[in-house]
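The values are calculated or read from the model by the stated rules, or taken from the named source; none is laboratory data. Predicted model only: the values in this text are computed from it and were never measured. Here the Cβ positions follow ideal geometry from the backbone for every residue, glycine too, while neighbour counts run over all protein chains shown. Accessible surface areas use protein heavy atoms only, side chains included; no ligands, DNA or RNA. Shrake-Rupley method; radii C 1.70, N 1.55, O 1.52, S 1.80 Å.
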Amino acid sequence: MVNDTSAKWVDPGELIPWEENPRNNDHAVDNLKKSIEMYGFTSPIIVRKATNQVIAGHTRLKAALSLGLKTVPVRFLEISESKARELAIADNKIGEIATWNDDELVTQILAMEEERGDIDFSDIGFSDDEIEELICRKQFGD
């Protein structure tokens, strides 16, 4: 398998979502739109070159289309349909395996609050209740 590791900027309308994608991601689109607006498009969409079908990045694609972006970064892979399916599932599942270092997370949250003061943690995917629980656990233990 030979793949160009660089991203190409393409019209998101040219990309084809994987119809059988088992991941439910509609609820994450608004948060990702905020992230794209704040930080730009930081991760390319991964696409099967032979078909223009999205392997990884369905939420990024939905957010880009909703924002009306004219181009998005895409990494095209020369990969079989079966390998594309495996990668799509692995890409999502492997991310779930990682865990947080709660102490370091709280340290970073407090630093962000000190720097900005007005940070809306929902912009980075955390609810106020989650933030409060993390801080309380650090201050008072589990």
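Between [x] 108; [y] 121; [z] 138, which matches volume of the Cα convex hull per residue in Å³ calculated for the structure shown?
Here the calculated entry is [z].
Excluding residues on the same chain fewer than 8 positions from residue 34, give the lysines whose Cα lies under 30 Å from its Cα.
8, 49, 62, 70, 93, 138
Which value, in Å², gives the accessible area per residue of the range 19-142 when a 1.4 Å probe is used on the protein heavy atoms?
65
Most mobile of 79, 89, 109 per a Gaussian network model of the chain (Cα springs, under 10 Å)?
Per the Cα network of the chain with a 10 Å cutoff, 109 tops the list.
How far apart, in nanometres, would the label points at residue 130 and residue 98 be if each is projected 7 angstrom from Cα along the Cα-to-Cβ direction?
About 1.4 nm, to one decimal.
Pick from 118, 102, 91 the residue whose mean-square fluctuation is largest in a GNM of the chain, springs joining Cα atoms under 10 Å.
Result for the chain, Cα springs under 10 Å: 118 fluctuates most.
Counting only protein heavy atoms and using a 1.4 Å probe, what share of the accessible area of the chain belongs to carbon plus sulfur, as a whole percent?
50
Determine the calculated [θ] at 222 nm for the chain from helices alone, applying -39500 (n - 2.57) to every DSSP H run no shorter than 4 residues and normalising by the residue count; nearest 500 deg cm²/dmol.
-15000 deg cm²/dmol
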